[in-house]
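Have a look at the structure below, then the notes.
The values are calculated or read from the model by the stated rules, or taken from the named source; none is laboratory data. Keep in mind it's a predicted model, so treat the numbers as computed, not measured. Neighbour counts run over all protein chains shown; Cβ positions are idealised from the backbone, glycine included. Side chains are part of the model used for accessible areas, which takes the heavy atoms of the whole protein and leaves out ligands, DNA and RNA. Shrake-Rupley method; radii C 1.70, N 1.55, O 1.52, S 1.80 Å.
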Amino acid sequence: EVQLVESGGDLVQLGGSLRLSCVYSGFSFDDYNVGWFRQAPGKEREGVSSIRSDGERFYEDTVKGRFIISSDYAKNTVYLEMNNLKLEDTAVYYCAPTYYVHTVPPRMVNAFNVWGQGTQVTVSS
């Protein structure tokens with residue numbers, strides 16, 4: 001059973017920083033990337049970033065250079081450090097085991113279409 005528990009979301013000022021955490025279980029990090037998605041009310045869920053067990057990282061263009069994804073293999077935990085937050089970063093953030101569809105540009109998808117409760121990030125001006 002895939003289980004995903006996101007935490008760390010908060011209300012933060014424009015330009016501030018947060019670190020999100022994702023504790024996962026029910027799948028092997030050796031077989032799937034673990035990624036972060038986000039969704040604002042009325043908008044489509046979008047992929048943000050993912051990490052592979054060997055440390056390879058992927059970032060969506062809008063967060064590249066501002067967000068840093070990392071993992072602790074032994075703790076079954078993936079983190080998303082968010083810096084220089086913008087208003088458009090406001091969303092519910094979800095983690096999930098992921099893979100990339102080989103399109104141009106590649107598209108990040110939830111491997112099992114199982115979602116946790118998410119964690120709310122709100123950026124205020």
Region 100-122 versus region 24-77: alpha-carbon centroid distance in Å: 8
Two-decimal Rg/Rh across region 50-93, once Rg and the Kirkwood Rh are taken from alpha-carbon atoms: 0.99
Loop-located GluC sites (Glu not before Pro) in region 1-87 whose Cβ has at most 12 other Cβ within 10 Å (DSSP): Glu1, Glu44, Glu56
Mean separation of Cα contacts under 8 Å (6+ apart) over length of the chain, as relative contact order %: 34
Farthest positive-ward along region 19-125 dipole, Cα basis, beta-carbon charges - from Tyr79, Asn110, Ser124: Ser124
Percent accessible area from carbon and sulfur atoms, the chain, protein chains only, probe 1.4 Å: 48
Longest DSSP-loop-exposure-free segment, trypsin sites (Lys or Arg not before Pro), the chain, at most 14 other Cβ within 10 Å: 1-42
Student exercise, region 46-125 dipole from Lys, Arg, Asp, Glu Cβ charges, in Debye to nearest 20: 60
In Å², nearest 10: area of Phe67 left accessible to a 1.4 Å probe: 10
R0 of 30 Å, Cβ-Cβ distance Val101-Arg19: FRET efficiency to nearest 0.05: 0.60
Convex hull volume per residue in cubic angstrom - Cα atoms of the chain: 100
Contour excess over end-to-end distance, with Cα ends at Ser125 and Lys64 and 0.36 nm allotted per residue: 19.8 nm
